[in-house]
Amino acid sequence: MKKIYSNIYSFNKKTLKKTVNSLNQGNIAGLPTETVYGLAGNAYSDRAVKKIFKLKKRPSKNPLIIHYDNYKSASKDVLLNKNFFKLYKKFCPGPITFILKKNKKTRISSVATAKLNTVAIRFPRHRVIKTILKFLDYPLAMPSANLSSRLSPVNALDVFDEFKKKLKIIINGGNSRVGIESTVIDLTEKPKILRPGVITSRDFKNFFKIDLTKRNYKIKSPGMMKKHYSPGIPIIVGKKPKSFSDAYIVFGKKFKNFKNYFNLSKKGDLKEAAANLYKIMRKIKKKGFKKIYVSRIPNSGPGIAINDRLLRASQ
Ligand code: TXA
Ligand code: MG
C-alpha cells in the first residue's frame, strides 16, 4: 500500500529541503494551503510555469495566482495601493487574492499572467506553504492542483488522484481548513469581487463599498469559465433525487441519515459546509454514484461561494 503513494511526503526538515531543491530546479510540487492544495512552481521561470499549464491542461489565457511570504516581496512585482494595505492588515495571511497592476520591473513570467497587465497575488496562511516560501528567493505560481475544470483537491490523496506519479513531490499537510478557493477581489479600480469565497463582501463593508455593477470587465476572471469545479458526473441543484441510487447533498439538521444523503453541515454552519463541499463531492464520485442532487443552500455569507461553485459544477 505504502509504495503506491511513494511521492506523498509528510512535512519535516528533510522534506522541506527536498521540496526547496526540487522547486529551485524548476520542478512542480503539490503543496497544501488553507484553501485548497496547489501546484507550485517558480513564478519567475517561464519553464516552470509552462509545466504547470501542461500538467493541468489549462488554457494559456487563464492566468495563475502568485503566492508570497509577505507584502514586501510582492511590492517588487505589483503596485500596492491603499485598499490593498487595508485588507492586507485585516485578512493576511489568509484566503484572499488581490488583483493589482503589474509593476513594470516585475520578474514574473508573462506566461503565468497570461500577458495581462494585472497580477493576482495571495499570502497563504498554511504552515507548510508559509515555511517553504520563506526558503525561496522567488514567489510561487500556484493554481489549484486539479486538472482544468475539475474539483479542487483538499488533501494530499486528492492531489494524487489528479496527477498520480506525474508529480515528484506532494506534501501532506492534512485537510485544507477552508476547503474552497480564496476570494478574488479586483483592487485596480473600484473594488469588485471576481470570485466569492469565505471572506465575503460583508467583511469588506468597514473598508469600502464593493462595486456590484455587472460592467463588462475586460479581464473578468478568465478562470471563471462557466463549466468548472466538476466532479465528472451530472449535478442537479435544488431538486430531490427520485431513487436511492442517486446521491443527495443536503444542509442542516432537518435531513435524515439515509445512505445516499451527504450532509454538508448538520448544524447548519455555512463555513463548515464550504470546508466539506469538495471532500463530499469527491467521496460521492468514488462511491460510484452516477448523479448528484443538491438541496437548497442559503445564499448568504460563505453560502454565496458554495452556490457559485455548485452552479458552475452543474453546467
Ligand atoms: O485558494 C486559491 O486561490 C488556490 C490556492 C492554491 O492558492 N488557488 C487557485 O488558483 O484557486 P486557480 O488558478 O485555480 O484560480 C485562480 C483564479 C482564476 O479564476 C484566474 O482566472 C484568476 O484567479 N486570475 C488570475 N490572475 C488574474 C488576473 N490578473 N485578473 C483576474 N483574474 C485572475
Ligand atoms: Mg482552480
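A compact table of results
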| read-out | value |
| --- | --- |
| Whichever residue in the stretch 159-175 is open to solvent by 10 Å² or more (accessible area, probe 1.4 Å) and under 19 Å from P95 (Cβ atoms) and, among such residues, is nearest to ligand 1 (Cβ to nearest atom) | G173 |
| Residue in the stretch 112-132 that is within 11 Å of ligand 1 (Cβ to nearest atom), charged (D, E, K, R), assigned to a loop (DSSP other than H, G, I, E, B) and more than 19 Å from G173 (Cβ to Cβ) present | yes |
| Strands (runs of 3 or more DSSP E) enclosed by the stretch 1-44 - at least 2 residues per element that are within 16 Å of ligand 2 (Cβ to nearest atom) | 29-31, 38-42 |
| Of residues in the stretch 232-256 being free of Cβ contacts under 8 Å to residues at least 12 places away in the same chain and more than 24 Å from N299 (Cα to Cα), the one least open to solvent (accessible area, probe 1.4 Å) | S243 |
| Residue satisfying condition, being in contact with a Leu (Cβ under 8 Å, 6 or more places away or on another chain) and closer than 23 Å to K102 by Cβ, within set G41, G26 | G41 |
| Members of the stretch 149-175 that are modelled with pLDDT of 95 or more, part of a loop (DSSP other than H, G, I, E, B) and of a type in the set (S, T, N, Q) | S152, N155, N175 |
| Residue in the stretch 85-100 that is within 16 Å of ligand 2 (Cβ to nearest atom), touching a Leu at 6+ places or on another chain (Cβ under 8 Å) and not in a loop (DSSP other than H, G, I, E, B) present | yes |
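The values are calculated or read from the model by the stated rules, or taken from the named source; none is laboratory data. If you're wondering where the values come from, they're calculated on a predicted model, not measured in any experiment. Cβ sites come from the backbone with ideal geometry, for glycine too, and all protein chains shown count toward neighbours. To get the accessible areas, we keep the full protein, side chains included, count just its heavy atoms, and leave off ligands, DNA and RNA. Shrake-Rupley method; radii C 1.70, N 1.55, O 1.52, S 1.80 Å.
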